[in-house]
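The values are calculated or read from the model by the stated rules, or taken from the named source; none is laboratory data. Every value quoted in this text rests on a predicted model; they were computed, and no experiment measured them. Note that we place each Cβ from the backbone using ideal geometry, even for glycine, and neighbour counts take in every protein chain shown. Just the protein is used for accessible areas: all its heavy atoms, side chains included, with ligands, DNA and RNA removed. Shrake-Rupley method; radii C 1.70, N 1.55, O 1.52, S 1.80 Å.
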Amino acid sequence: MRKIRQTLLASLAIAVVALPSAVKAEPKVEVLHWWTSGGESKAVKSLMDEFKSNGGTWVDMPVAGGGGDAAMTALKARVLSGNPPTAVQLKGPSIQEWAEEGALGDLNDVGTAEKWDAVLPVQIANVMKYKGRYVATPVNVHRVDWLWANPKVLAKAGVSMPATWDEFNAAADKLKAMGITPLAHGGQSWQDATVFETVVLGLGGNDFYKKALMDLDMKALNSPTMVKVFDQMRRLRGYVDANFSGRDWNLATAMVMKGEAAFQIMGDWAKSDFLAAGKKPGSDFLCAPTPGSKGYLFSIDSFAMFNVKGADNLAGQKLLAKLIVGEEFQKTFNLIKGSVPARLGVPMGEFEYCAHKSTYDMEATSQVGGLLPSYAHGMALRGAQVGAITDVVTKHFNSDMSSADATKALAEAVELSM
Ligand code: GAL
């Protein structure tokens with residue numbers, strides 16, 4: 001009897017092994033992203049490793065260029081040629097824009113099975129849905145309104161982390177007089193926009209930010225406060241070094257690391273580069289909200305799955321989506337990326353000081369209407385409006401245009417884009 005059972009079991013095992021391999025799809029993804037700096041590539045590798053260790057094949061499609069402008073151009077070309085990548089780093093309203101084109105696949109089955117409605121904050125879940133169905137998955141929450149500094153450089157000049165723009169200007173004047181570059185900046189339009197939105201927030205406050213950069217209220221755009229914002233932008237132009245034009249953001253971060261500049265205004269992906277270089281918060285670098293900020297400008301990185309054919313590709317999309325929202329991945333990835341988890345309930349014990357401040361401020365600012373989407377990082381507005389604003393900001397930063405003219409140009413450009 002025992003013998004018969006053993007033989008039966010053995011033949012069953014052979015039958016399982018002998019099932020035609022075509023039945024089982026091999027998960028495969030081609031992933032378009034713009035994470036190419038030291039810290040960013042380490043972070044994307046953690047996703048790639050997780051995907052591979054779950055049996056997937058990953059084809060990497062990195063398109064260099066901070067903020068993702070070049071990546072989005074590459075995406076359009078691929079979609080137009082009828083051959084979209086399987087998974088694409090995409091965010092905010094552009095998820096909706098691509099969904100409206102019918103370009104995105106549906107992830108609702110995975111979302112239901114994995115209970116995403118229960119583990120994602122509703123505001124984040126809504127950005128990932130189109131007509132009530134999941135079409136994208138969030139990896140993190142980045143804070144954009146951060147000021148980074150080299151504590152040794154500050155100590156040398158006898159200045160501390162500024163809490164207001166007046167304090168920033170006073171510190172920067174002192175540093176400049178000592179021959180130290182006050183602000184590490186890369187003259188790329190998205191970096192100018194990043195600085196601009198923090199000045200709008202710091203000088204104008206949460207309501208003004210909302211009116212100007214979310215509601216596109218003409219009165220706010222064309223206001224004396226906006227003139228002051230451009231005055232401060234002009235002042236900041238005087239604090240950058242002569243070689244700022246075209247510099248990548250991570251090279252600006254490196255200037256702060258090496259003590260070649262005192263400050264940088266950049267989202268907390270900058271922290272991923274500090275950490276990847278072995279730098280420690282507190283002793284090697286400092287973080288604080290940008291001057292005057294009583295809010296929190298967020299940028300949520302996410303991946304949308306494009307409409308593709310083939311069982312392998314579809315299995316790849318499902319597996320990737322499932323892993324991205326998983327608790328373990330959200331911890332591992334965000335520890336490297338400088339951001340905080342998008343998913344609720346991830347243990348934060350291993351995160352450092354700036355991540356804890358980010359989580360704390362997110363909660364505190366949300367109580368006072370200060371948790372706001374970043375315009376510069378594509379979270380607040382549609383592409384046409386973002387482009388209209390950023391063009392004026394960059395033009396002003398790189399010319400001697402007056403603040404009054406820039407304010408007028410800003411209102412006109414926004415009006416034309418609508
Ligand atoms: C942001 C994105 C970050 C980081 C940064 C610089 O838009 O949210 O994850 O990649 O660009 O490239």
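Solvent-accessible surface of the range 234-368, averaged per residue with a 1.4 angstrom probe and all protein chains in place: 38 square angstrom. For Lys279, the lysines whose Cα falls under 16 Å of its own Cα, not counting residues fewer than eight places away in the same chain, are Lys42, Lys152, Lys258, Lys271, Lys337. Compared with the alpha-carbon gap, the fully stretched path from Asp241 to Lys52 is longer by 63.7 nm at 0.36 nm per residue. Couplings for the range 213-224, taken from phi via the Karplus curve 6.51 cos²θ - 1.76 cosθ + 1.60 with θ = phi - 60°, read 9, 10, 7, 6, 6, 4, 5, 6, 5, 9, 10, x Hz in order; Gly and Pro are left as x.
Beta bridges assigned by DSSP with both partners in the chain are antiparallel in approximately 55 percent of cases.
Short to long, the 10 Å bins of the Cα pair-distance histogram for the chain hold 5, 21, 30, 24, 12, 4, 2, 2, 1, 0 percent of all pairs.
Note down the net charge around Asp192, summing +1 for each Lys or Arg and -1 for each Asp or Glu among other residues with Cβ under 11 Å from its Cβ. Working shown, then result.
Working: positive: Arg237, Lys395; negative: Glu197, Asp391.
Net local charge, Asp192 excluded: 0.
Could you report the range 110-198's accessible area per residue, 1.4 Å probe, as an integer in Å²?
On the way: 3250 Å² over 89 residues.
Value returned for the range 110-198: 37 Å² of accessible area per residue.
Give the longest segment of the chain that steers clear of GluC sites (Glu not before Pro) in DSSP loops with at most 10 neighbouring Cβ atoms within 10 Å, not counting the sites themselves. Walk me through the numbers before you get to the answer.
On the way: sites that count: Glu101, Glu350.
My reading of the result: 102-349 is the longest stretch.
Length gained on full extension, Ala77 to Leu344, computed as 0.36 nm times the residue gap minus the Cα-Cα distance: 92.5 nm.
Roughly how many debye, to the nearest 20, is the charge dipole of the range 320-418 about its Cα centre, given +1 on each Lys and Arg Cβ, -1 on each Asp and Glu Cβ, and no other charges? Provide the component values of the computation, followed by the final result.
On the way: 8 positive and 11 negative charges, 56 e Å.
Value, rounded to 20: 260 debye.
Modelled this way, with points 7 Å down the Cα-to-C-beta line, the labels at Ala311 and Ser366 are 4.2 nm from one another.
Farthest towards the positive end of the charge dipole of the chain, among the residues Val227, Tyr375, Asn169, is the Cα of Tyr375, using unit charges on the Cβ of Lys, Arg, Asp and Glu. Annotation: aspartates and glutamates with alpha-carbon distance below 14 angstrom to Lys131 (same-chain offsets under eight excluded): Glu97, Glu100, Glu101, Asp106. Axis angle, to the nearest 10 degrees, between helix 189-199 and the longest C-alpha principal axis of the chain: 70 degrees. Taking the chain as a Gaussian network of alpha-carbon nodes connected by springs under 10 Å, the highest mean-square fluctuation of the residues Asp109, Asp391, Asp145 belongs to Asp109.
Just need the relative contact order of the chain here, percent rounded to a whole number, with Cα pairs under 8 Å and 6+ apart.
Values: 733 pairs, mean separation 113.9, N = 418.
Result for the chain is 27 percent.
Computed from backbone phi with θ = phi - 60° and the Karplus coefficients 6.51, -1.76 and 1.60, the 3J(HN,Hα) list for the range 49-63 is 4, 5, 5, 5, 6, 9, x, x, 10, 10, 9, 8, 10, x, 10 Hz; x is used for glycine and proline.
Might you report the magnitude of the Cβ-based charge dipole of the range 229-324 about its Cα centre, with Lys and Arg at +1 and Asp and Glu at -1, to the nearest 20 debye?
Details: 12 positive and 9 negative charges, 36 e Å.
Value, rounded to 20: 180 debye.
Quantify, in whole percent, the carbon and sulfur part of the accessible surface of the range 355-418 (1.4 Å probe; protein heavy atoms only). Let's see the in-between values first.
Numbers: 1650 of 2940 Å².
Here carbon and sulfur together make up 56 percent of the probe-accessible area.
Accessible area of Leu319 (1.4 Å probe, protein heavy atoms only, ligands and nucleic acids ignored): about 30 Å². For the chain, the longest principal axis of the C-alpha atoms and the axis of helix 2-17 are separated by about 50°.
Straightening the chain between Lys174 and Gln123 buys 14.1 nm, computed as 0.36 nm per residue apart minus the Cα-Cα spacing.
For Arg343, the solvent-accessible surface computed with a 1.4 Å probe is close to 50 Å², ligands and nucleic acids excluded.
What is the angle, in °, between the Cα long axis of helix 327-337 and the longest principal axis of the Cα atoms in the chain? Nearest 10 is fine, range 0 to 90. That helix lies at roughly 40 degrees to the long axis. From the backbone phi of the range 279-292, what are the Karplus-calculated ³J(HN,Hα) couplings (6.51 cos²θ - 1.76 cosθ + 1.60, θ = phi - 60°) in whole Hz, Gly and Pro given as x? Result, rounded to whole Hz: 7, 10, x, x, 8, 9, 8, 10, 10, 7, x, 4, x, x. Charge tally around Pro289: other residues with Cβ under 9 Å, Lys/Arg +1 each, Asp/Glu -1 each, net +1. Around the Cα centre of the chain, unit charges on the Cβ atoms of Lys, Arg, Asp and Glu (plus for the first two, minus for the last two) sum to a dipole of about 1080 debye.
For the range 139-224, the relative contact order works out to 18 percent when only alpha carbon pairs closer than 8 Å and six or more residues apart are counted. So what is the relative contact order for the range 303-418, in percent, with contacts set as C-alpha pairs under 8 Å and at least six apart? Value for the range 303-418: 13 percent.
Using a Förster distance of 60 angstrom, determine the FRET efficiency expected from the C-beta separation of Thr164 and Lys24, and round it to 0.05.
Result of the calculation: an efficiency of 0.50.
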